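The values are calculated or read from the model by the stated rules, or taken from the named source; none is laboratory data. All values derive from a computational prediction rather than experimental measurement. Glycine gets a Cβ as well: all are built from the backbone with ideal geometry, and neighbour counts include every protein chain shown. Side chains are part of the model used for accessible areas, which takes the heavy atoms of the whole protein and leaves out ligands, DNA and RNA. Shrake-Rupley method; radii C 1.70, N 1.55, O 1.52, S 1.80 Å.
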Amino acid sequence: VGLWMGLPITTVLPACVMGNMVPIVPLLFLLKNEGLKKLMKPILDRAEKKSSSLGVGTLDKQWASLAAFVGIPLPGTGAWTGAMGAFLLGMPTGLALSSIFAGVVSAGCIMSAITLAGKKGGIAALAILALFTGKEFLSSKEEKQDFLEADPYWDQSAVPVNVYKNKAPFVGKVVSTKRIVGPQA
């Protein structure tokens, strides 16, 4: 909107980035509040259960993933959602802030480029997005699940079988065989 009003990009982009980042610092600290955790426990438990299956990688991978998630200018992918994601991943606050900041800057640059390109640039960006989405959804190529499959499929010597290890049985010592009944038992 600032560009349409005639303001220079050097003023608009930093203002948008700062306006987007100002509420994130208190939000990250607010998410660590114990009272808020108790209030939002059902929602947070459900979100943690769903996110636990994703597997948490190294901090470098978390940083890059969060920056890419925030940096994609689509609905539902922004700094606020990124702050919740950083909380669920258990990222340190400084690392989460820098990752969210990098994502906000990249999203701002993408949207500024599309805005500066005008109507033709917006249509071109929409066409590229539609082509990419169509390619992803319409491709019939199925990816092979490989974490428990043997290669080749008839050779199952590499598949882990019977990996359960029984515990050692409890060995007790007989102290007495005297019958214990009655009121003195």
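Among the residues of region 23-42, are any open to solvent by 80 Å² or more (accessible area, probe 1.4 Å) and in contact with a Leu (Cβ under 7 Å, 6 or more places away or on another chain)?
yes
Can you name the residue in region 63-80 that is assigned to a helix (DSSP H, G or I) and open to solvent by less than 30 Å² (accessible area, probe 1.4 Å) and, of all such residues, is nearest to Pro23 (Cα to Cα)? Give the derivation first.
Residues of region 63-80 that are assigned to a helix (DSSP H, G or I), as a first pass: 63-71, 79-80.
Subset that is open to solvent by less than 30 Å² (accessible area, probe 1.4 Å): 66-67, 70-71, 79.
Numbers: Leu66: 17, Ala67: 17, Val70: 15, Gly71: 17, Ala79: 9 Å.
Here the residue is Ala79.
Tell me whether region 95-105 contains one or more residues that are farther than 22 Å from Ala15 by Cβ, at pLDDT 80 or above and not in a loop (DSSP other than H, G, I, E, B).
Residues of region 95-105 farther than 22 Å from Ala15 by Cβ: 95-96.
Within this subset, residues satisfying the condition of being at pLDDT 80 or above are 95-96.
From what is left, the residues that are not in a loop (DSSP other than H, G, I, E, B) are 95-96.
Yes, region 95-105 contains a residue that is farther than 22 Å from Ala15 by Cβ, at pLDDT 80 or above and not in a loop (DSSP other than H, G, I, E, B).
Just checking, how many residues over region 1-33 are under 24 Å from Lys119 (Cα atoms), in contact (Cβ under 8 Å) with a residue 24 or more places away in the chain and in a helix (DSSP H, G or I)?
5
Kindly list, by first and then second residue, each pair from a residue in region 72-83 that is hydroxyl-bearing (Ser, Thr, Tyr) to a residue that is modelled with pLDDT of 85 or more, limited to pairs with Cβ atoms under 6 Å and residues at least 6 apart or on different chains.
Listed pairs, sorted by first residue: Thr77/Phe69.
Taking the condition farther than 24 Å from Leu126 by Cβ, of a type in the set (Phe, Trp, Tyr), in contact with a helix residue (DSSP H, G or I) (Cβ under 9 Å, 6 or more places away or on another chain) and at pLDDT below 85, does Trp63 pass? It would help to see each step written out before you state the result.
Details: farther than 24 Å from Leu126 by Cβ: yes; of a type in the set (Phe, Trp, Tyr): yes; in contact with a helix residue (DSSP H, G or I) (Cβ under 9 Å, 6 or more places away or on another chain): yes; at pLDDT below 85: yes.
Answer is yes for this residue.
Please go through region 1-58 and pick out each residue that is modelled with pLDDT under 70 and of a type in the set (Val, Ile, Thr).
Within region 1-58, Val1, Val56 qualify.
Collect the residues in region 90-109 that are open to solvent by 20 Å² or more (accessible area, probe 1.4 Å) and either more than 15 Å from Val22 (Cβ to Cβ) or hydroxyl-bearing (Ser, Thr, Tyr) (or both), keeping them in residue-number order.
Answer for region 90-109, where residues must be open to solvent by 20 Å² or more (accessible area, probe 1.4 Å) and either more than 15 Å from Val22 (Cβ to Cβ) or hydroxyl-bearing (Ser, Thr, Tyr) (or both): Gly90, Pro92, Thr93, Gly94, Leu95, Ser98, Ala102, Ser106, Cys109.
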